[in-house]
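Take a look at the structure set out below.
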Amino acid sequence: MKKKLAGAGIFAMSLFLGAPCAQAGQWMQDNVGWWWQDDDGSYPRNWSRWLDGNQDGVYELYYFDENGYLYTDTVLFDGTTPVDPNGAALGPDGQILTERCDPDVCTMAKIEERRTEKQAALEARQGQKDAGINVTGKNLPNHEESGNSIRNIGVYEFSRMIAKEVNRVRQENGRKPLAMEEELMENAMARAQEAAERYSADGYLSHLRPDGSRGGSVVEKPNYGVGENLYLKGITDTSDAPAAAKAYVRDWMASSGHRRNILKEDYTETGIGVCVTEDGIITAQLFVIGNTD
C-alpha cells in the first residue's frame, strides 16, 4: 500500500547489490492529491517510481501524472496497468507489484558485477600468459566470428532486428506494428551515443540529454509525443545477433515501464539505435506518436 511516512527510498543508479538503495523523500498531500517529494525538493512528473517510503525493504511501483500527482484507483496505458486506491500498481493477477530492490538498480548492480568478473578474468588470463601458460584456442572466449555476430552485420542491421522483434511482440499483444523511420533510426543512434557517453562519465544511463532536455527532444520531425527505452547489456556474447535482439526485447518486456512503451497503442513510429562500448551494448529505442496532419 502507499507509504505515508518519510523514509529512505532508492537512488535510481546506486550500485549496491543486495542492499537497500537510498534516495530520501516523503509522501506529501494537498487538496488535490498525493505526490512523492525528494529531499532536494524535486518530484517525479509524468513518470513512474519504485518507492519504499517506510523502509520495510519492499518497493512498490507508483505512477505520477504530468503535474506530479499520484494516480489512484484507475487503469493506465490503454488498459494494461491497473493501480489500486492507494496508488500501487497491480500485476496481471491483481496483486500489488513488489520488489526487494528497484529493478533498475538491481540491473545496474548486476552489470557492475559482471564487469568486475570480466576484469578479473582478463587479469587472470594475462597472469597465465605472463607465466608462460598457453591460453589460446579453446581457453579464450571467441564470441564475434560468426556471420550473424553484431560486429559483422553492423549496428544498423542489429537495430532493425530489435525493431522487428518489438513489432512481433506488439502484434502478439493485439497492437499495430510500428513504422520504422530512417530519420528516427538516426535520432535513436544519436541517443544511444549520448547515453554511452553519460554512462562512461557518470556510471549510469540517463533519459536526459547533455543539455538537460528529455531524450525525446532528439526527435525533430513533428509529433504528438515521444517515449524512450534505454538498455545496457553485457558484451560477453554478441555472436548471435538475432538471439540477442530477442533477449533485449524479452528483458524490456520484463520491466513494467519498458513494457508500457512497447505496448502503448498511441505510438505509431519507432527508431532504434545501438552503441557498442567497452561496458556493453547500449540500445536506445524511440517511440513516436506521429503527426498525420
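Taking GLY132 as meeting all but one of (1) over 24 Å from the mean Cα position of the chain (by Cα); (2) at pLDDT 65 or above; (3) in a loop (DSSP other than H, G, I, E, B); (4) surrounded by fewer than 11 Cβ atoms within 10 Å (Cβ to Cβ), write down the number of the exception.
(2)
Among the residues of the range 276-288 satisfying the criterion of being modelled with pLDDT under 90 and over 15 Å from the mean Cα position of the chain (by Cα), which is surrounded by the fewest Cβ atoms within 10 Å (Cβ to Cβ)?
That would be GLU278.
Consider LEU230 carefully, then state whether it is open to solvent by less than 20 Å² (accessible area, probe 1.4 Å), within 23 Å of GLU157 (Cα to Cα) and in contact (Cβ under 8 Å) with a residue 60 or more places away in the chain. Write out each step before concluding.
Values: open to solvent by less than 20 Å² (accessible area, probe 1.4 Å): yes; within 23 Å of GLU157 (Cα to Cα): yes; in contact (Cβ under 8 Å) with a residue 60 or more places away in the chain: no.
Considered against the rule, which asks whether it is open to solvent by less than 20 Å² (accessible area, probe 1.4 Å), within 23 Å of GLU157 (Cα to Cα) and in contact (Cβ under 8 Å) with a residue 60 or more places away in the chain, LEU230 comes out as no.
Working only within the range 20-34, note down all residues that are modelled with pLDDT of 90 or more and open to solvent by 30 Å² or more (accessible area, probe 1.4 Å).
Let us first name the residues in the range 20-34 that are modelled with pLDDT of 90 or more, namely 27-34.
Those that are modelled with pLDDT of 90 or more and open to solvent by 30 Å² or more (accessible area, probe 1.4 Å): MET28, GLN29, ASP30, ASN31, VAL32, TRP34.
How about the range 35-71: which of its residues are farther than 20 Å from SER255 by Cβ and at pLDDT 90 or above?
TRP35, GLN37, ASP65, ASN67, GLY68, TYR69, LEU70, listed by residue number.
Taking the conditions exactly as written (surrounded by 15 or more Cβ atoms within 10 Å (Cβ to Cβ) and under 26 Å from GLU66 (Cβ atoms)), does TYR204 satisfy them or not? Let's see the steps before the verdict.
Working: surrounded by 15 or more Cβ atoms within 10 Å (Cβ to Cβ): yes; under 26 Å from GLU66 (Cβ atoms): yes.
Spelling it out, TYR204 is indeed surrounded by 15 or more Cβ atoms within 10 Å (Cβ to Cβ) and under 26 Å from GLU66 (Cβ atoms).
Considering the range 251-289 alone, what residues qualify as being part of a loop (DSSP other than H, G, I, E, B) and among the polar types (S, T, N, Q)?
First, pick out the residues of the range 251-289 that are part of a loop (DSSP other than H, G, I, E, B): 254-255, 264-268, 277-280.
Listed by number, the residues that qualify are SER255, THR268, THR277.
Taking the range 157-178 as the search range and keeping residues that are outside any helix (DSSP H, G or I) and open to solvent by less than 40 Å² (accessible area, probe 1.4 Å), which one is farthest from LEU286 (Cα to Cα)? Full working, then the answer.
Residues of the range 157-178 outside any helix (DSSP H, G or I): 173-178.
Right, trim to open to solvent by less than 40 Å² (accessible area, probe 1.4 Å) and you get 175, 178.
On the way: ARG175: 17, LEU178: 11 Å.
Taking the candidates together, the pick is ARG175.
Only one of GLY154, GLY127 is at pLDDT 60 or above and either open to solvent by less than 50 Å² (accessible area, probe 1.4 Å) or of a type in the set (D, E, K, R) (or both). Can you tell me which? Working first, answer last.
Values: GLY127 fails: at pLDDT 60 or above.
Matching residue, one of GLY154, GLY127: GLY154.
Do you know which of the residues in the range 36-51 that are part of a loop (DSSP other than H, G, I, E, B) and surrounded by 17 or more Cβ atoms within 10 Å (Cβ to Cβ) is nearest to the chain's Cα centre (by Cα)? Show your work before the answer.
Our first condition is that a residue be part of a loop (DSSP other than H, G, I, E, B); within the range 36-51, this holds for 39-46.
If we keep only those that are surrounded by 17 or more Cβ atoms within 10 Å (Cβ to Cβ) as well, we get 43-44.
Values: TYR43: 20, PRO44: 17 Å.
Taking the candidates together, the pick is PRO44.
Taking the criterion of being open to solvent by less than 40 Å² (accessible area, probe 1.4 Å), farther than 23 Å from LEU263 by Cβ, among the acidic types (Asp, Glu) and part of a loop (DSSP other than H, G, I, E, B), would at least one residue in the range 52-73 satisfy it? Even if it seems obvious, please write down each step before you answer.
Residues of the range 52-73 that are open to solvent by less than 40 Å² (accessible area, probe 1.4 Å), as a first pass: 52-53, 57-65, 68, 70.
This time we only want the ones that are farther than 23 Å from LEU263 by Cβ, so: 52-53, 57-58, 68.
Next, only the ones that are among the acidic types (Asp, Glu) stay: 52.
Still in the list and also part of a loop (DSSP other than H, G, I, E, B): 52.
Within the range 52-73, one or more residues are open to solvent by less than 40 Å² (accessible area, probe 1.4 Å), farther than 23 Å from LEU263 by Cβ, among the acidic types (Asp, Glu) and part of a loop (DSSP other than H, G, I, E, B).
Quick check on the range 193-237: of everything there that is in a loop (DSSP other than H, G, I, E, B) and among the hydroxyl-bearing types (Ser, Thr, Tyr), which residue is nearest to ILE262 (Cα to Cα)?
The initial filter retains those residues of the range 193-237 that are in a loop (DSSP other than H, G, I, E, B), namely 203-207, 209-213, 219-222, 234-237.
With the extra rule that they be among the hydroxyl-bearing types (Ser, Thr, Tyr), the set shrinks to 204, 206, 213, 236.
Numbers: TYR204: 22, SER206: 19, SER213: 22, THR236: 26 Å.
Filtering first and then ranking leaves SER206.
Please tell me if TYR248 is hydroxyl-bearing (Ser, Thr, Tyr), open to solvent by less than 20 Å² (accessible area, probe 1.4 Å) and in a loop (DSSP other than H, G, I, E, B). Don't jump to the end; show me each part of the working.
On the way: hydroxyl-bearing (Ser, Thr, Tyr): yes; open to solvent by less than 20 Å² (accessible area, probe 1.4 Å): yes; in a loop (DSSP other than H, G, I, E, B): no.
Answer is no for this residue.
The values are calculated or read from the model by the stated rules, or taken from the named source; none is laboratory data. Just so we're clear, the structure is a prediction, and the values are computed from it rather than from any experiment. Here Cβ is always computed from backbone atoms with ideal geometry, including for glycine, and neighbour counts include all displayed protein chains. These accessible areas exclude ligands, DNA and RNA; they are computed on the full protein's heavy atoms, side chains included. Shrake-Rupley method; radii C 1.70, N 1.55, O 1.52, S 1.80 Å.
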